[in-house]
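Peer 1: Could you have a look at this structure, given as structure tokens, before my questions?
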Amino acid sequence: MRIVVVGDVMLDVDLSGEATRLSPDAPVPVVDVSGVRRRAGGAGLVARMLAQDGWPVTLVTVLGDDDAGNQLRAHLAGVRLVAGASGYPSPVKTRVRAGSHAVVRFDQGCEKTPVPDVSPAMLRAVEKAGVVIVADYGRGLAANQQLRDVLARLAGEVPIIWDPHPSGPEPVPGVAVVTPNISEATKAVQSGAGNLTDRDDPAAAVAEVLLERWRSQAVLVTKGEEGAVLLQQGEATSRTVPAPRVEAGDPCGAGDRLAASLAVHLLAGRDLPEAAALAVHDAADFLAAGGVAALPETSETGDAAGPRPAPARRTTEPLLLARSVRESGGKVVATGGCFDLIHAGHIRSLTAARELGDCLIVCLNSDDSVRRLKGPERPIIGQHDRAELLLAMECVDAVMVFDEDTPEAVLDRLRPDIWVKGDDYKGARLPESDLVESWGGRCLTVPFHPARSTTGLADALAKVS
């Protein structure tokens, strides 16, 4: 179940302030620095994102024995760190910002270094992974032959997401997906690939070249606000993965968020097209929420400026939650419905369902599904808000939205130990009984409260308006 991030780490420093005048020495702005933020960058940012979301994550990297290296260790609190010695100064990238605009960036210790050695502990940590993210930032770790041999062997056993760098090596053959952005992908194929800009979709063209060259199972070329293009082995054409439109000034960290989300969704058992679509949305949401600037503050010692959030007990990733609960010997309980205009009857039924096992996952009808079942005026509340309201309840551990008219397909993926309905079904065999019993599950009912219903509440509201 552990996610292992392999790659190069650097210390990112942001100096932020306002620029209201030019320097008398040169026609350059003077930034009055009012804030200093330090964080782990590169592979460290990927690992930190996952740890803050509550996932068990190990970071395999090399660190310098210097002040920047010590700061990186502090900023990686909450991440299981398996680090070798780089033998060189830790790279530091400092960005100066005036308001929301970057003024300049200066790098220290970022020159090319020899390929670092890896320790037996580093290799053992990689071998124990449930999914691997290779976050290559061109510092040489991904070129270590011992590490590459281990990754090549694992490629047929666990999903490996490879986020490449123009200065880094090619991915090992067989990885699940390589995730270059369009600039990186274009640079990688410039020699001998013809004029790809003349194609209808240059991203699809470079994906085709890189899929053959890298011998990966898939290539996902990201295009910023235009989304991404996914091409898999054995498929004649690529898939377009759209991105929601967001207002974001600083795209820093979006690729790291995408790789982290891909790992989570693949570990949960989703297929790559679905995982890619969800990861593109997760990256867009990350930027819409403020990107790296919105990550929790850290102090000079690396401690959180406020109380450090505890690892999440609950997750909105239902398949991974179900797998985790089952592997720990617990019982997975699921129930389903539209949950449009949540009322006291819903809360009582959900609370009763949660008491039957160790987690409760709600299978929620999508907006399209509700419209087909209830008519064009429903739902009153959209699926995203309905899911958020359900997750706000202490008794609900995760929500899984489905688009079909019945929950059979989502149940077959989730495979709960107990499927719960209201006891208005009491005495009748549930439509899902044969399916649930096919994997050894049970169907149960909990008290139904007929005086409380969404339809009745909607009708009452309509009369008032």
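Peer 1: Using a 1.4 angstrom probe with every protein chain in place, what is the largest-first accessible-area order of Ser167, Ser100? Intermediate values should be presented prior to the final figure.
Peer 2: Working: Ser167 65, Ser100 95 Å².
Largest accessible area first, the list is Ser100, Ser167.
Peer 1: Once you list every other residue whose beta carbon is under 12 Å from the beta carbon of Gln217, what net charge do they have if Lys and Arg are +1 and Asp and Glu are -1?
Peer 2: -1
Peer 1: Lysine pairs in the chain with Cα distance under 26 Å, only those 8 or more apart or on different chains: how many are there?
Peer 2: Taking the chain as the scope, the lysine pair count is 11.
Peer 1: Starting from the Cα gyration tensor of the chain, take the square roots of the eigenvalues, sort them a ≥ b ≥ c, and report rounded, prolate or oblate (rounded when a/c is under 1.5, otherwise prolate if a/b is larger than b/c, else oblate).
Peer 2: On the way: a/c = 1.84, a/b = 1.63, b/c = 1.13.
Prolate.
Peer 1: To continue, here is another question. What ranking do 386-394, 258-266 get when scored by the average of other Cβ atoms within 10 Å per residue, highest first? The partial results should precede the final answer.
Peer 2: Details: 386-394: 16.1, 258-266: 26.0.
Highest mean packing first, the order is 258-266, 386-394.
Peer 1: Highest mean first, how do 18-30, 361-373 rank when packing is the count of other Cβ atoms within 10 Å averaged over residues?
Peer 2: Details: 18-30: 10.7, 361-373: 19.9.
The densest-packed peptide leads the list: 361-373, 18-30.
Peer 1: Using only Cα atoms, locate the centre of the range 90-120 and the centre of the range 317-351, then give the distance between them in Å, rounded to an integer.
Peer 2: With the range 90-120 and the range 317-351 each reduced to a Cα centre, they are spaced 44 Å.
Peer 1: What number, rounded to the nearest 500 deg cm²/dmol, is the helix-based mean residue ellipticity at 222 nm of the chain, given -39500 (n - 2.57) per DSSP H run of at least four residues and division by all its residues?
Peer 2: Numbers: 15 runs with 150 residues, N = 465.
For the chain, the value works out to -9500 deg cm²/dmol.
Peer 1: Note down the magnitude of the dipole of the chain about its Cα centre, charges +1 on Lys and Arg C-beta and -1 on Asp and Glu C-beta and zero elsewhere, to the nearest 20 debye.
Peer 2: Numbers: 48 positive and 62 negative charges, 164 e Å.
Roughly 780 debye for the chain.
Peer 1: Once you charge only the Cβ atoms, +1 for Lys and Arg and -1 for Asp and Glu, what is the size of the charge dipole of the range 69-136 about its Cα centre, to the nearest 20 debye? Numbers along the way, then the final one.
Peer 2: Details: 9 positive and 5 negative charges, 57 e Å.
In debye, rounded to 20, the range 69-136 gives about 280.
Peer 1: With unit charges on the beta carbon (Lys/Arg positive, Asp/Glu negative), name the residue among Val333, Leu373, Ile160 whose Cα is farthest towards the positive pole of the charge dipole of the chain.
Peer 2: Val333
Peer 1: Could you work out Rg/(2.2 N^0.38 Å) for the range 51-97, with Rg from alpha carbons only?
Peer 2: Working: Rg = 12.1 Å, N = 47, 2.2 N^0.38 = 9.5 Å.
Dividing the Cα radius of gyration by 2.2 N^0.38 Å gives 1.27.
Peer 1: Here is a follow-up. Just want to confirm a number: the relative contact order over the chain, from Cα pairs under 8 angstrom separated by 6+ residues, in percent. Could you put the intermediate results ahead of the total?
Peer 2: Values: 942 pairs, mean separation 50.4, N = 465.
Reported relative contact order: 11 percent.
Peer 1: Could you work out the relative contact order of the range 80-190? I mean the mean sequence separation of Cα pairs under 8 Å and 6+ apart, divided by the number of residues, in percent.
Peer 2: Details: 155 pairs, mean separation 21.9, N = 111.
Relative contact order comes out at 20 percent.
The values are calculated or read from the model by the stated rules, or taken from the named source; none is laboratory data. Fair warning: this is a prediction, and the values are worked out from it, not measured in the lab. As a convention, Cβ positions derive from the backbone with ideal geometry for all residues, glycine included, and neighbour counts pool all protein chains shown. The protein model used for the area step is the full one, side chains on, heavy atoms only, and it has no ligands, DNA or RNA in it. Shrake-Rupley method; radii C 1.70, N 1.55, O 1.52, S 1.80 Å.
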